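Undergrad: Handing you this structure, nothing more for now.
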């Protein structure tokens, strides 16, 4: 699987559909993604995983100990809001109302679609801008601590 990358401004239409850019649908020339899983993300966004990546995540979750309360809570919150997202013939996914609400997204509103290696994130543009603005560390500080 090739990495998802880039950011795109996309309008969510009146039927809660979001068109995925062709660059995100085509990881490689040989691979065209049309089956995804959409769920709540972190920091206020939605996560969109290609079906094969979602399978790997499910396997990791199954390996966790269900006796730990935090594990149960995380899995319940992630899985209970997960839904299959199959691309239509126009390359669009439909975002259910509960997930629109979760990410503060609205019909007929611009969303920011961000490729993030093994997943795609869907953000309310204002939430994204506030997230970046209010991050406690700068890009350089984070890079320094991670890349050393």
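Undergrad: Would you call residue 143 in a strand (DSSP E or B) and either free of Cβ contacts under 8 Å to residues at least 24 places away in the same chain or touching a strand residue (DSSP E or B) at 6+ places or on another chain (Cβ under 9 Å) (or both)?
TA: When the stated conditions are applied, residue 143 does not pass them.
Undergrad: Applying the selection to segment 7-19, what residues are surrounded by 13 or more Cβ atoms within 10 Å (Cβ to Cβ) and within 18 Å of residue 128 (Cα to Cα)?
TA: Listed by number, the residues that qualify are 7, 8, 10, 11, 12, 18.
Undergrad: Okay, moving on. Free of Cβ contacts under 8 Å to residues at least 12 places away in the same chain, surrounded by 13 or more Cβ atoms within 10 Å (Cβ to Cβ), in a helix (DSSP H, G or I) and out of contact with any strand residue (DSSP E or B) (no Cβ under 7 Å at 6 or more places or on another chain): does that describe residue 72? Let's see the steps before the verdict.
TA: Working: free of Cβ contacts under 8 Å to residues at least 12 places away in the same chain: yes; surrounded by 13 or more Cβ atoms within 10 Å (Cβ to Cβ): yes; in a helix (DSSP H, G or I): yes; out of contact with any strand residue (DSSP E or B) (no Cβ under 7 Å at 6 or more places or on another chain): yes.
Here the answer is yes, as residue 72 does meet what is asked.
Undergrad: Based on what the data block shows, is residue 78 touching a strand residue (DSSP E or B) at 6+ places or on another chain (Cβ under 8 Å), surrounded by 20 or more Cβ atoms within 10 Å (Cβ to Cβ) and not in a strand (DSSP E or B)?
TA: Details: touching a strand residue (DSSP E or B) at 6+ places or on another chain (Cβ under 8 Å): yes; surrounded by 20 or more Cβ atoms within 10 Å (Cβ to Cβ): no; not in a strand (DSSP E or B): yes.
No: the conditions fail for residue 78.
Undergrad: Can I ask one more? Name every residue in segment 117-140 that is assigned to a strand (DSSP E or B) and either within 20 Å of residue 12 (Cα to Cα) or at pLDDT below 90 (or both), in order of residue number. Break it down stepwise before answering.
TA: We begin by selecting, within segment 117-140, every residue assigned to a strand (DSSP E or B); these are 117, 119-124.
Those that are assigned to a strand (DSSP E or B) and either within 20 Å of residue 12 (Cα to Cα) or at pLDDT below 90 (or both): 119, 120, 121, 122, 123, 124.
Undergrad: Quickly run through segment 76-125 and pick out the residues that are on the phi > 0 side of the Ramachandran plot and in contact with a helix residue (DSSP H, G or I) (Cβ under 8 Å, 6 or more places away or on another chain). Even if it seems obvious, please write down each step before you answer.
TA: In the first step, residues of segment 76-125 are kept if they are on the phi > 0 side of the Ramachandran plot; the result is 91, 104, 108, 117.
91, 104, listed by residue number.
Undergrad: Shifting gears a bit: Could you list all residues from segment 53-69 that are surrounded by 10 or more Cβ atoms within 10 Å (Cβ to Cβ) and not in a helix (DSSP H, G or I)?
TA: Those that are surrounded by 10 or more Cβ atoms within 10 Å (Cβ to Cβ) and not in a helix (DSSP H, G or I): 64, 66, 68.
The values are calculated or read from the model by the stated rules, or taken from the named source; none is laboratory data. Since this is a predicted model, take the numbers as computed values, not measurements. Because the Cβ atoms are built from the backbone with ideal geometry, glycine has one as well, and the counts that use them run over all protein chains shown.
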